[in-house]
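Below is one structure, written out as structure tokens, with a few remarks after it.
The values are calculated or read from the model by the stated rules, or taken from the named source; none is laboratory data. None of these values were measured; they are calculated from a predicted model. Heads up, the Cβs are rebuilt from the backbone with ideal geometry, glycines too, and the neighbour counts pull from every protein chain shown.
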Amino acid sequence: MSRPLRKPLAACCGALVLGASLTACGGASSADPNAKEITVYSADGLKSEKGDGFYDKVFKDFEKKTGIKVDYVESGSGAAVQRVARERTNTKADVVVTLPPFIQQADGKGLLDSYRPKGSDQVAAADKDPNGKWTSVVNNYFCFIYNKQKLQQPPKTWADLTDAAFRDKLQYSTPGVAGDGTAVLIKAMHDFGGQGPAMTFLKKLQANNVGPSSSTGQLAPKTDKGELLVANGDVQMNYANLKSMPHQGIFFPAAKPGGAPTTFALPYAAGLVKNAPHAANAKKFLDYLLSEDVQKEVSSVGGGFAARTDIEATDANATALAKIMNGVEIFRPDWNDIDKNLDSYIDAWKTATGS
């Protein structure tokens, strides 16, 4: 299962759009509320350029089942929310799918309507909004990747990443722009015990960092080719990449020598956009994403983890994913704190790294 490069959302009309074109930038919406279509703004990682990804199958099957066509706009997590916010007086998106803390950010900006999709009662309380503003549809975990050809084993700790061997051979996507980039901050603050020590470390790490990247997915092929030795990512995307990029390996650095590798859940969460032009169709789509049949395909087709707790996947991908996660300590971020203080955390990172 090949995966696309994660691409930043181009300004306004420059975004990747599959299917019917969106209304021109800044113009009045001509959306017909009765049209058999929906527009989905989504973080990248679930669709394949070869047409064999999770979204590819879901969109095709949903249209076949309902007659509703999905127009798809792909971006980074933060960019998706920013676009919905820019368009709030002339809403074009019906559904937004993005990673934490950006789904909470969308809710905080008043961009989401309450809707509890069928099957959401089987989603863990921590993976959905108590007020029904968003629900996880594909579970996932933050990770790092390394080049297996050039490194006999992955770095074991954060400190290992500061070794001179990684100078200009390490890169992570930009916090505040990319979901996985923001995850670097979240894991560092957890592992080092707070903002201060985390920023002290990231300042030191900056000596090895190639520089900013708005797209996490662009780092995977660079790592596979050996242009980078280490980059950040997420388990679903990087596992799904393995067939086309076999030289990358997944790892989770520990806080200190002898410590357990750590990570946290970074699910794809979906919400109904407030004032969605095709709200009724959007609700059908959200119901479909959480249906049993689709959730069973999250691992077998998408290389991810089902959001529903009553789905016990036994396919080959599910077995391999369980092996990857074996022995990894999973912590739970305080998403309310991160949502409230994200701007200050990003500012602290910029100050520490000179970005």
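The conditions of being within 19 Å of the chain's Cα centre (by Cα), under 21 Å from Val70 (Cα atoms) and buried (at least 24 other Cβ atoms within 10 Å of the Cβ) are not met by Ala240. Being over 15 Å from the mean Cα position of the chain (by Cα), under 26 Å from Ala231 (Cα atoms) and either outside the structural domain of Ala183 (by TED's automatic domain parsing) or not β-branched (Val, Ile, Thr) (or both) is not true of Pro117. Of all residues in segment 145-175, those that are crowded, with 20+ Cβ neighbours inside 10 Å and either in contact with a Ser or Thr (Cβ under 8 Å, 6 or more places away or on another chain) or hydroxyl-bearing (Ser, Thr, Tyr) (or both) total 8. Annotation note: of Ala269, Ala231, Ala282, the sole residue that is within 30 Å of Asn131 (Cα to Cα), crowded, with 19+ Cβ neighbours inside 10 Å and either in contact with a Phe, Trp or Tyr (Cβ under 7 Å, 6 or more places away or on another chain) or β-branched (Val, Ile, Thr) (or both) is Ala269. Checking each residue in segment 226-245 for being out of contact with any strand residue (DSSP E or B) (no Cβ under 8 Å at 6 or more places or on another chain) and either free of Cβ contacts under 8 Å to residues at least 60 places away in the same chain or aliphatic (A, V, I, L, M) (or both) picks out Glu227, Met237, Ala240, Met245. Here Ala322, Ala318 are screened, and the one residue that is outside the structural domain of Leu99 (by TED's automatic domain parsing), buried (at least 18 other Cβ atoms within 10 Å of the Cβ) and either in a helix (DSSP H, G or I) or hydrophobic (A, V, I, L, M, F, W, C) (or both) is Ala318. Restricted to segment 170-217, and to residues there that are in contact with a Gly (Cβ under 7 Å, 6 or more places away or on another chain) and among the β-branched types (Val, Ile, Thr), the residue that is nearest to Phe144 (Cα to Cα) is Thr216. The single condition from (1) under 19 Å from Ala183 (Cβ atoms); (2) surrounded by 22 or more Cβ atoms within 10 Å (Cβ to Cβ) that Asp127 fails is (2).
Selection of first residues in segment 51-63 that are outside any helix (DSSP H, G or I) and of second residues that are modelled with pLDDT under 95 and of a type in the set (S, T, N, Q), restricted to Cβ pairs under 8 Å at least 6 apart or on distinct chains, gives the following pairs, ordered by first then second residue: Asp52/Ser2; Gly53/Ser2.
Of all residues in segment 332-355, those satisfying the criterion of being part of a helix (DSSP H, G or I) and of a type in the set (Gly, Ala, Ser) are Ser344, Ala348, Ala352. Applying the criterion of being in contact (Cβ under 8 Å) with a residue 24 or more places away in the chain and of a type in the set (Val, Ile, Thr) to the residues of segment 80-104, the residue that is surrounded by the most Cβ atoms within 10 Å (Cβ to Cβ) is Ile103.
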